[in-house]
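Shown next, in structure tokens, is the structure this report addresses.
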Amino acid sequence: MYVPPRLRGAFRTDETARALYAEGAGIFRIVPAAVAVPADLEDVRCLVRWAAETGTPVVPRGAGSGMAGGNVGPGVVVDLTRAFREPPTIDPVARRARAGASVTYRELNAAAAGYGLRLPPDPSSGAFCTIGGMVSTNAAGARSLKYGAIRDWVDAVEFVTADAEPGRAGEAAPAADSLTAAERRFFSDVAPDIRRHRAQLEARGPSTLKNSSGYDLSRHADEAWIRNLLIGSEGTLAIVSAVEVRLAPLPEELSTLLVTLRSLGDVAPAVDALGPLAPSAVELLDRTYLDRVRAAAGSRLPSDAEAVLLVELEGEGRVAADRLHGIAECTLLAADPSAGTLWELRHLASPILAALPDHMRSLQVVEDGCVPRARLGEYIAQLRDIATRCGFEVVIFGHAGDGHVHANLLADVTRADVVERLRQCLDAVTAVQVGLAGTMAGEHGDGRLRAPYLDVLYGPLFVEYCRRVKAAWDPGQILNPGVKIAPADALGAGSLPPDALKVGSRAPALPAEVAAALRRVEREASWGAFRLDLAPAPAASAPRRTPVEP
Ligand SMILES: Cc1cc2nc3c(=O)[nH]c(=O)nc-3n(C[C@H](O)[C@H](O)[C@H](O)COP(=O)(O)OP(=O)(O)OC[C@H]3O[C@@H](n4cnc5c(N)ncnc54)[C@H](O)[C@@H]3O)c2cc1C
């Protein structure tokens, strides 16, 4: 392969390196043509310029913890964990922070905590996911019920376009002379038509509290349009290099409750009853989840619950128990610091699922559906039913306050028909989500997994405009092609390419040592580990760090 000239970071084309970047979280496995680890912003620009000249697709990648397959692809996977390491700076008076996109959520929050502040949307993956990855997927978390997704906290995004130009998008409308070529193309070629069709573009789509599916095409056409377009664009429009965010004070008092629900029909009434108290989190653990963790949880879990809610309030919690009287049983009221024990229940499943026997895997295929809150019980019942019909055990948990649940399918991957049944399950669950006015992605984005269903969710006009926006920002189609927007012939049901998955008889083969290392990453959730350190480089292709002239 022709190597990018003047790149100072690593560029590897050996089998080991390519295999190490063939997977992220989620179900996809695609062996890339090469792996690049740019050293800084100039290196990223150099790489993008080369990619544009050679027509090479680039796959921007942070920690690789994204579940929808946006962090893998057939071109050059660009590991951005080294390029944008600008440490967080905190302005405690303005309650604002700035950090390079490679900084993790945990690192940013640790810096903010020193000033009694935090960035409230708190993904469970905060220990390892990068700020760039969070912005690119519009990530959210348990406390998004009260505080919204990352979109609600981003003040400004700095980025590199497909033309290798640096840019910045904040609150104010950009001055004409400061626009990048990509923005100029967007404002001249597409923006006027989006404004004209705004009502039609917004007529379809989910009626949910959370959504990270599709581009934010028109909802922010009046203010901070570019910033909002880039948030959730999953590396398909630009590469995020730095982020400025607002911060909130750390809460002074926290109370948590464990609420036992005897019927799925009680989910919505219980959540509604808590609404006036503005809880910071209402997390749901479904029966399918409780059954899995019961042995580890001991006496903390009721034996006959259809689901439990973990409720967090910033303040005194007793009043919540009163509000739930007659709807659900409030079995435990804990004030900080014992609250930790309750949240441990929420995190018990990961090690248990990670310890599944070798022939079983916990797969994320229908893992991120979000529906109007009043329909959540109905959605969970249908989800359980479809999973059973397709021959999978399912583990359901998530953010009941937002009508949003995660669902892991437990699959025997030695079965010959596993991929076909996964595809059927994906088709059926997607139809239910859309039928309930929900979205396929509450917080994980579309990636490669859900891109083919975008027209089912939003209709053809929306998809047409997504394509036009993509063409304006990335005319050479080098930034993550196939992610977020599927090729025209892959639209609709029936996608889940068997030769691009971790499971099934057509899964791409990986060297045994690499396959074992990647399985360990999943089992131990060690997404923060630097991939090229997971297996030794073949002597002949050690990382190149010196400039190479063309
Ligand atoms: C155990 C576990 C728990 C999780 N919990 C949550 C949760 O609570 N909430 C939640 O929202 N998600 C969660 N996730 C999913 C994932 O952590 C988030 O989507 C996260 O934001 C991805 O960050 P990352 O750095 O790993 O990005 P990656 O996975 O590397 O990339 C994700 C997408 O963003 C793009 N991208 C990454 N960095 C950049 C950049 N600098 N510029 C442009 N594009 C970029 C990639 O191309 C890709 O499309 C979880 C994942 C795991 C494994």
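Grab the Cα-Cα distance for Arg519 and Ser178, subtract it from 0.36 nm times how many residues apart they are, and report the gain in nm with one decimal.
Between Arg519 and Ser178, full extension yields an extra 118.2 nm.
Work out the FRET efficiency for Arg106 and Trp343 from their Cβ-Cβ distance, taking R0 = 25 Å, and round it to the nearest 0.05.
0.95
Tell me what the chain gives for mean residue ellipticity at 222 nm when only DSSP H runs of n ≥ 4 count, each as -39,500 (n - 2.57), the sum divided by the residue total, rounded to 500 deg cm²/dmol.
Estimated from H runs of four or more residues: -8500 deg cm²/dmol.
Suppose the chain between Arg389 and Glu464 were pulled fully straight at 0.36 nm per residue; how much longer would it get relative to their current alpha carbon spacing? Don't jump to the answer; show the numbers that get you there.
On the way: separation 75, 0.36 × 75 = 27.00 nm, distance 3.47 nm.
Length gained, Arg389 through Glu464: 23.5 nm.
If you place +1 on the Cβ of every Lys and Arg and -1 on the Cβ of every Asp and Glu, how big does the dipole about the Cα centre of the chain come out, in debye to the nearest 20? Mind dumping the intermediate values first?
Numbers: 59 positive and 67 negative charges, 150 e Å.
Its charge dipole is roughly 720 debye.
Semi-axes of the range 360-444's equivalent ellipsoid from the Cα gyration tensor, sqrt of 5 times each eigenvalue, largest first, rounded to whole Å?
For the range 360-444, the ellipsoid semi-axes come out as 22, 12, 10 Å.
Once the whole set of protein chains is in place, how much accessible area is left on Asp122, using a 1.4 Å probe, in Å² to the nearest 10?
Its accessible surface works out to 30 Å², give or take rounding.
Sort 417-430, 131-144 by packing, meaning the average of other beta carbons within 10 Å per residue, with the highest value first. Don't jump to the answer; show the numbers that get you there.
Values: 417-430: 20.1, 131-144: 28.1.
Ranked by mean Cβ neighbours within 10 Å, highest first: 131-144, 417-430.
Can you list the GluC sites (Glu not before Pro) in the range 85-174 that are in a DSSP coil and have 11 or fewer other beta carbons within 10 angstrom?
Values: sites: Glu107, Glu158, Glu171; in loops: Glu171.
Those satisfying the criteria are Glu171.
Rounded to the nearest Å, what's the spacing between the alpha carbon centres of the range 169-246 and the range 300-316? Just the number, please.
Using only Cα atoms, the two centres lie 39 Å from each other.
Which distance in Å, rounded to a whole number, links the C-alpha centroids of the range 74-148 and the range 388-402?
Taking the Cα centre of the range 388-402 as reference, the centre of the range 74-148 is 28 Å away.
What whole number of Å gives the distance from the Cα centroid of the range 37-72 to the Cα centroid of the range 417-433?
31
Taking each full run of DSSP H in the chain as one helix, which ones are at least 15 Å long along their axis (Cα atoms) and have mean Kyte-Doolittle hydropathy of at least -1.0? Show your work: numbers first, answer last.
Values: long enough: 41-54 (20 Å, 0.07); 376-389 (20 Å, -0.12); 418-435 (25 Å, 0.59); 460-473 (20 Å, 0.06); 512-524 (18 Å, -0.35).
Sorted by number, the helices that extend far enough and score high enough are 41-54, 376-389, 418-435, 460-473, 512-524.
For the residue pair Ala39 and Thr89, what label-to-label distance in nm results when each label sits 7 Å from Cα along the Cα-to-beta-carbon direction?
2.3
Using a ≥ b ≥ c from the Cα gyration tensor of the range 237-294 (square roots of the eigenvalues), is it rounded, prolate or oblate, where a/c under 1.5 gives rounded and otherwise the larger of a/b and b/c decides, a/b for prolate?
prolate
Under a point spin-label approximation (7 Å from Cα along Cα-to-Cβ), what is the Asp155-Arg294 distance to one decimal in nm?
Spacing of the two 7 Å Cα→Cβ label points: 5.1 nm.
So with the 1.4 Å probe, I'd like the accessible area per residue for the range 360-444, rounded to whole Å².
With all protein chains present, the range 360-444 gives 28 Å² per residue.
Modelled label-to-label distance, Arg415 and Arg168, 7 Å Cα→beta-carbon offset: nm?
Each label point is offset 7 Å from its Cα along the Cβ direction, giving 5.5 nm.
What number in nm² do you get for the chain if you take the convex hull of its Cα atoms and divide its surface by four?
Its average projected convex-hull area is 24.2 nm².
Per residue, how much accessible area does the range 67-191 show when a 1.4 Å probe rolls over the protein heavy atoms, in square angstrom?
Using a 1.4 Å probe on heavy atoms only, each residue of the range 67-191 averages 36 Å².
Using a 1.4 angstrom probe on heavy atoms only, work out the carbon and sulfur share of the accessible area of the chain in %. Mind dumping the intermediate values first?
On the way: 10660 of 20290 Å².
Within the chain, the accessible surface is 53 percent carbon and sulfur.
The values are calculated or read from the model by the stated rules, or taken from the named source; none is laboratory data. Every value quoted in this text rests on a predicted model; they were computed, and no experiment measured them. Note: ideal-geometry Cβ built from the backbone for every residue, glycine included; neighbour counts use all protein chains shown. Only protein heavy atoms, including side chains, enter the accessible area calculation; ligands, DNA and RNA are left aside. Shrake-Rupley method; radii C 1.70, N 1.55, O 1.52, S 1.80 Å.
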